[in-house]
Every structure is written in structure tokens, then in C-alpha cells.
């Protein structure tokens, strides 16, 4: 579970020391299957607390990572993505005043993102428990799939009360935008945009850990 938590905070371990952070996971897919992937970690609501924590060596028995460590880890992830076939235009931004980190890239096909995550796992940047086969697309069948991920409820149940509090106000948002018009989807928890070219799912991180909400979705296009 420790590795899972580190990945959920996407290489920003400081987020694990506060319960108030947001994760935005976004894909924008063109008709030919290429597109852009973006993930943003926003802990600005906790920036005062994090600024204080960053000056400490440890808190609650946990080592507090310093800015150079965080930057090195994110830069390593960016280099790994850049070296993945099908991925290009990798960009990162790190705002240590407001504690907002962004990573984005272009892909030739969505499965390139899965391959990039596999490479991060191979280099121990991601924990072994982290799912990497997140997306699939079949252009012939006009289908895009957000795959099912494992549940971490049993690991969560074993955590201490203090560690569980990390998830109290943490939020996760998944946005999938398309050039093609959506005909149907299997997970109606995702809100369909008025133009039927995007879906959005937003909930507490804890809802996904406890399986109160599911991320998997199969989208068919017209």
C-alpha cells in the first residue's frame, strides 16, 4: 500500500503528509487514436502546511523529501516517458510555491501511455502494485476503454488511523475528451458533456479505494 500511495501522489511524497490535494488525470484523443495525456497534482489548498513540513526532517516517523529529491524523481519520470516509443513532447512544470506539479505528453496511440507506465515500474519509479494497462482503444470497433484497476481496500483496512487520514479530503478527477462523438458508455457515473465528446468522473480518492465508485468504462463512438 505504501508504494500505491506514493504513485497516487505521482512522485510527490509531500502530498502523503496532507489530506487536502487534488489529482486531475486527463486524456484528449483524436479520431486517428493519437492525442495528449496530462496529469496534474494540486496541493495548493495545503500549501501553508506543506511549506512548514518541507522545513522538517521527519514527521510522524516519515522522512520528509526535499525539493531536489522531488525534482530528480519527476525529471527521471519525464526522461523515461521521452524514451518510450510513441510518446513525444513530454513537458513538466513544478510550482513549489503553490505545490502544483504537471506532466503532459503526446502519444501516437493510447497504449503508448501504458508502455510508459510499464517503464516507470521497471525502473522502480512506480510501485509494483500499480496498474499500468490503464487504457485501450480499438479504432475499427470505434471503442475506447478505461480498464478496471485492482482494489486496495484490504491494504487500506490495515493502515493506521493517521495514515488513513491522508485520504480524508483527497479528490481524483478523470476527464476523457474525444474528437469523435460518443454514442454510449458502460459507466454512467461519468458525466457526458453536452456536445457528447467528453466524459468526466470526480470523487474522493477513498471512494475508489473502497470500490464505492469504479473507474472502468467502455466508450463507443458514432
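Given a cut-off of under 8 Å on Cα pairs at least six residues apart, what relative contact order in percent is computed for segment 2-221? Taking the mean separation of contacting Cα pairs over the length of segment 2-221, I get 23 percent. Pairwise alpha-carbon distances in segment 2-221 exceed 30 Å for 23% of all pairs.
Spin-label model, residue 177 to residue 51: label points 7 Å out along the Cα-to-beta-carbon direction sit 3.2 nm apart. Distance between the pseudo-spin-label points of residue 169 and residue 213 (7 Å out from Cα toward the beta carbon): 1.7 nm.
If R0 is 30 Å, the Cβ-Cβ spacing of residue 72 and residue 24 corresponds to a FRET efficiency of close to 0.80. Placing dummy labels 7 Å off each Cα toward the beta-carbon, the span from residue 186 to residue 123 is 3.3 nm.
The numbers here are math on the coordinates, done by the rules we state, and not lab data. Because the structure is predicted, anything quoted here is derived from the model rather than measured. Glycine also receives a Cβ, built like all others from the backbone with ideal geometry; neighbour counts cover every protein chain displayed.
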